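Heads up: the structure comes next, in structure tokens.
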Amino acid sequence: MLGSVRCRAVRALAGAVSGEGAARGGSAAAAAIPLLPLAGPSAQGRERALSAAAAALREGGLVAVPTDTVYGIACLAQDSRALRAVYRLKARDGAKPLAICLADVGQVHRYCKVAVPDQLLHDLLPGPVTLVLERSQALNPDLNPFTPLVGVRVPDYWFVKELARMCGTPLALTSANISAQGSSLAVTEFQELWPHLALVVDGGPIGDLQRPECRLGSTVVDLSVPGKFKVIRPGCALTQTVEVLEKKHGLTAESPS
């Protein structure tokens, strides 16, 4: 199935960039590689790129996307077959949860039971933070069936937010790498995964490739217990996140288990 999804996605990609690719000296052969650059296309080309990525996701494909932290692999969170494909691709522990990506903060209440003020959500999102909340019944039961919680991201990056908006459903999002390997700041760093993806959206380098701190990913914090927070992963925004939680909203830190 993945092969057919990839073929259709490549055809959509060819249509999305053909005019601009020809203007820059591109060739039809380039469409054989599911690589979609975002730096050069016009606004119209970016819209076609979004449409191509959304079509690939709706057909069950996996799409590599840039975020505000590292490159991620996305699929539709409500597509159980695509979720299983993500775990196979990354050789990921089946008990390790996937986060969801939403288009805007207002959607958090639909997919989660929120035990914090709306202002707190808006103080941290969009941004490089994953909030762990109690999940609602609106989420696919095959997404992390082993836990009542779910990590929620609203990245501060236009492409992935608009992609989630265009799909009209949460995206399951994980880092674009084999599990236990380092995070990717450029598409060339996970090139071994390309053949298994429907599309690779190239937004250019994310951060400084020579600085290890740029590969930390989002800060993950559990807000499922009212009045408390627990840092699951320090990530790249720990200091500012803790400051918002403690000083502005008066939450108390729980000790890691």
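The values are calculated or read from the model by the stated rules, or taken from the named source; none is laboratory data. The structure displayed is predicted, hence computed values, not measured ones. Don't worry about glycine lacking a Cβ; one is built from the backbone with ideal geometry, like all the others, and counts go over all protein chains shown. The protein model used for the area step is the full one, side chains on, heavy atoms only, and it has no ligands, DNA or RNA in it. Shrake-Rupley method; radii C 1.70, N 1.55, O 1.52, S 1.80 Å.
Highest mean first, how do 176-187, 138-149 rank when packing is the count of other Cβ atoms within 10 Å averaged over residues? Provide the component values of the computation, followed by the final result.
Values: 176-187: 17.7, 138-149: 14.4.
Ranking, from highest mean packing down: 176-187, 138-149.
Treating the angle as unsigned and between 0 and 90°, give the value, to the nearest 10°, between the Cα long axis of helix 2-23 and the longest Cα principal axis of the chain.
70 degrees
What whole-number value in Å² describes the accessible area per residue of the chain for a 1.4 Å probe?
Numbers: 11470 Å² over 257 residues.
Dividing the accessible area of the chain by its residue count gives 45 Å².
If one takes the longest principal axis of the Cα atoms in the chain, at what angle in degrees, from 0 to 90 and to the nearest 10, does the Cα axis of helix 158-167 lie?
Roughly 90 degrees between the two axes.
Rg over Rh of segment 214-257, using C-alpha atoms and the Kirkwood radius, what does it come to?
Values: Rg = 10.2 Å, Rh = 10.6 Å.
My calculation puts Rg/Rh at 0.97.
Sketch the reach of a paramagnetic label on L209 as a point 7 Å from Cα along Cα-to-Cβ, and name the residues of segment 50-75 whose backbone nitrogen lies under 15 Å away.
71
For segment 86-126, what is the Kirkwood hydrodynamic radius in Å, using each pair of distinct C-alpha atoms?
12.3 Å
With no solvent and one equal point scatterer per Cα, compute the Debye intensity ratio I(q)/I(0) for segment 61-152 at 0.11, 0.15, 0.18, 0.25 Å⁻¹ and report its log10, rounded to two decimals.
-0.32, -0.60, -0.86, -1.47
Please compute the contact order of segment 33-171 in relative form: average sequence separation of alpha-carbon pairs under 8 Å and at least six residues apart, divided by the residue count, as a percent. Let's see the in-between values first.
Details: 213 pairs, mean separation 42.2, N = 139.
In percent, rounded to a whole number, it is 30.
Helix 43-58: angle to the longest alpha-carbon principal axis of the chain, degrees 0 to 90, nearest 10?
Once rounded, one gets 70 degrees.
In what sequence, highest mean first, do 114-126, 47-59 appear when ranked by Cβ atoms within 10 angstrom?
On the way: 114-126: 16.6, 47-59: 21.5.
For the peptides 114-126, 47-59, the packing ranking is 47-59, 114-126.
With a 1.4 Å probe and every protein chain kept in, tell me what percent of the accessible surface of the chain is carbon plus sulfur. Don't skip to the end; give the middle numbers.
Numbers: 6230 of 11470 Å².
With neighbouring chains kept in place, the figure for the chain is 54 percent.
Can you list the lysines whose alpha carbon sits under 28 Å from that of K248, skipping same-chain ones fewer than 8 residues off?
K113, K161, K228, K230
Normalised radius of gyration for segment 164-257, please: alpha carbon Rg relative to 2.2 N^0.38 Å, two decimal places.
Working: Rg = 16.6 Å, N = 94, 2.2 N^0.38 = 12.4 Å.
Normalised Cα radius of gyration, segment 164-257: 1.35.
So what is the calculated 222 nm ellipticity per residue for the chain, using -39500 (n - 2.57) for each DSSP H run with n of 4 or more, over all residues, to the nearest 500 deg cm²/dmol? Present the calculation step by step, with values, prior to reporting the outcome.
Numbers: 7 runs with 76 residues, N = 257.
It lands at -9000 deg cm²/dmol.
Provide the FRET efficiency to the nearest 0.05 for the E192-T252 pair, computing r from the beta carbons and using R0 = 35 Å. Walk me through the numbers before you get to the answer.
Details: r = 44 Å, r/R0 = 1.25.
Efficiency computed from Cβ-Cβ geometry: 0.20.
Report the dimensions of segment 107-213 along its three principal axes from the alpha-carbon atoms, largest first, rounded to Å.
Over segment 107-213, Cα extents along the principal axes are 39, 30, 29 Å.
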